[in-house]
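Heads up: the structure comes next, in structure tokens.
No value in this document is a laboratory result; all are computed from the given coordinates. Source: prediction; values computed, not measured. Counting neighbours? That spans all protein chains shown, and the Cβs are built from the backbone with ideal geometry, glycine included.
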Amino acid sequence: MSSRQRRAQALPGYPQLLVNQSVRAASSSASFIELRNGLRMPYVQAGEGELLLFVHGSLCDYRYWQPQLAGLSKHYRCVAVSLTHYWPAADTDTEPGLPFSWSEHANEVAEFIERFGVGPAHVVGHSRGGCVAFHSARRHPEHVRTLTLADPGGPLQIAGRSPASLPEPVNALRAKAAQLIESGDVEAGLQLFVDSVSRPGFWAMSTPGFRRMATDNAHTLARQFRDPLPAYVPEQAAEVRCPVLLIDGEKSPEMFHRTVAALQNWLPDARRETVRGASHGMNLAHPSAFNRYVDEFIRSVSGQQAQ
């Protein structure tokens, strides 16, 4: 391990995925499913068996899940999607007039499963993609067999309290990052955002693969900021009827631990696993542990359903 990697691994926060993991960039193997709104959802797949669908978070796309496709395709038909508007979307998919929202993405995930034709699916979502997957499962239970939420994004609505919100300095920083990106200074905007959700210097230490992926999706960041994720509430959690696996990283930011703990109490059928030594990018930093938790969860549920 290089001294650069050792320094990076010592830093807490957003993390390992920014420093010591490569992301495959090839798009030639991608396929597309056209949705009712006319947009096309790109995806890659590997393996045979029950459908295991992966939903990425901010600044990412289907490339984010390469370690899961490599490890879990031995047992499942693994499909990683790029949500609409994300790379490798056509230029026409990024027009400002077309809807970009977590709500649209939640419905599009369900439509993708329907049109793919081999569902229902075991759905895995990370960060913002966890929120998208949560609401997709809640709204469209017929398409989701199990749900895995890894550090799901979004605030909590605790009874008698206002939903958690970002401090004004953070909102101001994000606005500045979006302004830089939209004005053409993409590198500076991404550095500002990535370092703010991790630690100063993380962007500089990130791998070329991650930097390429984030740059390819930089155009989504401002639109994401204009569409904040909804708060989780007990009433909506109770509507998720499928078994749920909640995964957090031992070193993930505290807000994710709070969300996972609350959802574990609110969901009708939930269990929790923590990836030791990992932060928010636990599926990249410790893919063997992450993949094992997902596989064991699906196998346990499938065994119960077969009885």
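Shape of the stretch 103-254 from its Cα gyration tensor (a ≥ b ≥ c, root eigenvalues): rounded if a/c is under 1.5, otherwise prolate when a/b > b/c, or oblate?
Values: a/c = 1.98, a/b = 1.51, b/c = 1.31.
Since a/c reaches 1.5 and a/b is larger than b/c, the shape of the stretch 103-254 is classed as prolate.
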Separation in nanometres of the label points that stand 7 Å from Cα toward Cβ, at Arg272 and Glu187
4.2 nm
At 7 Å along the Cα-to-beta-carbon direction for both Glu48 and Phe32, put a label point, then send me their distance in nm to one decimal.
2.9 nm
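May I ask you to list the trypsin sites (Lys or Arg not before Pro) in the stretch 181-258 that are in a DSSP loop and have at most 12 other Cβ atoms within 10 Å of their Cβ? Write down the numbers at each step before the final one.
On the way: sites: Arg211, Arg212, Arg223, Arg226, Arg241, Lys251, Arg258; in loops: Arg226, Arg241, Lys251.
Passing sites in the stretch 181-258 are Arg226.
Quick check for me: using +1 on Lys/Arg Cβ and -1 on Asp/Glu Cβ, what's the dipole size of the stretch 94-196 about its Cα centre, in debye to the nearest 20?
On the way: 8 positive and 12 negative charges, 97 e Å.
Dipole of the stretch 94-196, to the nearest 20 debye: 460 debye.
Roughly speaking, what is the stretch gain from Arg223 to Ala204, that is 0.36 nm per residue apart minus the C-alpha to C-alpha distance, in nm to one decimal?
Values: separation 19, 0.36 × 19 = 6.84 nm, distance 2.44 nm.
Result: 4.4 nm gained on full extension.
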